[in-house]
Every structure is written in structure tokens, then in C-alpha cells.
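Q: The structure that follows is given in the form of C-alpha cells.
The values are calculated or read from the model by the stated rules, or taken from the named source; none is laboratory data. Predicted model only: the values in this text are computed from it and were never measured. Cβ: placed from backbone, ideal geometry, glycine included. Neighbour counts: every protein chain shown. For the accessible areas, the whole protein counts, side chains as well, though only heavy atoms, and no ligand, DNA or RNA atoms are used. Shrake-Rupley method; radii C 1.70, N 1.55, O 1.52, S 1.80 Å.
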Amino acid sequence: TVNAEGLIQWANKSAELVFGYSSREIVGRPLSLLVGDTDNLPEVVQLLDRAIEAGRVVETVAHRRDATRVEIEFSASRWQTQGRNYITAILRDITERKASERALLQLNQFLESAVAERTADRDRMWRLSSDMMLIAHLDGRITTTNPASTKVLGWSEPRLVGGSIRELSAAEDIPKW
């Protein structure tokens, strides 16, 4: 809990564990000791105000006593007692979650890159192969041909696509089921 000037008035045991300060060490000190720099207290109070006005969770980076970063999300509410204004913020350490999100993002980027590379290789093989290649449905209807198919058969791609693979076989090679 902080007062209207952004000075810490109270911290619970969880805050002590997350930030590495005892309550005695931080009560009366500016919130910017934990969030941001000690020189930007008005900016930190504005961040709290934005959370209150938006009525939603806000994410930011804070600093532990040992100067390591801790990613937090917080919600805040304003209250008044005995003519004094206070803001209480509920903080959650989301450092592990954010690290997992970054790792997942990197994995997705790697996978997208790998798929793009393999697709480019397959497309190159499809275009440059001198072997005739066709893709057809189970009913024999041709859906795609490579450039070698049009060269070998002497038919245009529009003539092949949509036709039946049976049209490409000699009559004696077609099974008589």
C-alpha cells in the first residue's frame, strides 16, 4: 500500500519474498525503489493510476533488492481513510510465465523458419525436377502438376488439372474391376 505521494505504507510477507526487502526497510520509501528508478516516482504513480482507471491488470518490470529484474503484474485500487488517500496494489510475480512465453515465441519462430525452409526446398524440387509429378485425389482427379508433367505429356496445366489420372494411362493398363 502506498500513500498519495507514492511512499510505501505497508508490504506483506509475499512482497518481502518477491523483492527481498523486509517491511521495515521499505516502509516510508518511494515505490520507485521497487518499480522503475528512484528518480521517476511520478511516473510510477501514473502507472498505478492507469491500472486503477483501466480497471485491469498492468504488467511492468520491478527490481529486487539484489538488482535482479522481476516481471510483475498488478491491479490497484484507491481508498481513503481519515482524510488521507491510499493506493493498494496486488502484485504477482510473473517472471517465470513471461520467460515461458518468450521461449514459446522463440520456438514458434524457429518452427516457422524451419517449415518455410523445407517448403522452399520442396517447391524447388517440384519446379526443377525432370520427373513427372502429379497430385491426385483418391478418385483419380488431378489437383496439381509440376512443370515436367506438362513437358513430358505435352498438355497444358489447365488441361491436366481437374482431369482424371485414368486419361493418362493406356487403355490396356487400366484395371477392369
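Q: For segment 146-177, which positions are closer than 20 Å to residue 125 by Cα, open to solvent by 50 Å² or more (accessible area, probe 1.4 Å) and in contact with a strand residue (DSSP E or B) (Cβ under 7 Å, 6 or more places away or on another chain)?
A: Once the filter is applied, which keeps residues that are closer than 20 Å to residue 125 by Cα, open to solvent by 50 Å² or more (accessible area, probe 1.4 Å) and in contact with a strand residue (DSSP E or B) (Cβ under 7 Å, 6 or more places away or on another chain), segment 146-177 yields 157, 161.
Q: Mind checking whether some residue in segment 117-127 is loosely packed, with under 11 Cβ neighbours inside 10 Å, touching a helix residue (DSSP H, G or I) at 6+ places or on another chain (Cβ under 7 Å), in a helix (DSSP H, G or I) and not hydrophobic (A, V, I, L, M, F, W, C)?
A: yes
Q: Go over the candidates 113, 77, 32 one by one and state the one that is open to solvent by 50 Å² or more (accessible area, probe 1.4 Å), assigned to a helix (DSSP H, G or I), of a type in the set (Gly, Ala, Ser) and at negative phi.
A: Exactly one residue qualifies, and that residue is 113.
Q: Looking at 50, 56, 97, which one is basic (Lys, Arg), closer than 23 Å to residue 10 by Cβ and open to solvent by 90 Å² or more (accessible area, probe 1.4 Å)? Spell out how you get there, then give the answer.
A: Working: 56 fails: closer than 23 Å to residue 10 by Cβ; 97 fails: closer than 23 Å to residue 10 by Cβ.
Of the residues listed, the single one that is basic (Lys, Arg), closer than 23 Å to residue 10 by Cβ and open to solvent by 90 Å² or more (accessible area, probe 1.4 Å) is 50.
Q: Which members of segment 131-145 meet the condition of being outside any loop (DSSP other than H, G, I, E, B) and open to solvent by 90 Å² or more (accessible area, probe 1.4 Å)?
A: 141
Q: Something else: In the set 62, 11, 51, which member is modelled with pLDDT of 85 or more, of a type in the set (Gly, Ala, Ser) and not in a strand (DSSP E or B)?
A: Among 62, 11, 51, only 11 is modelled with pLDDT of 85 or more, of a type in the set (Gly, Ala, Ser) and not in a strand (DSSP E or B).
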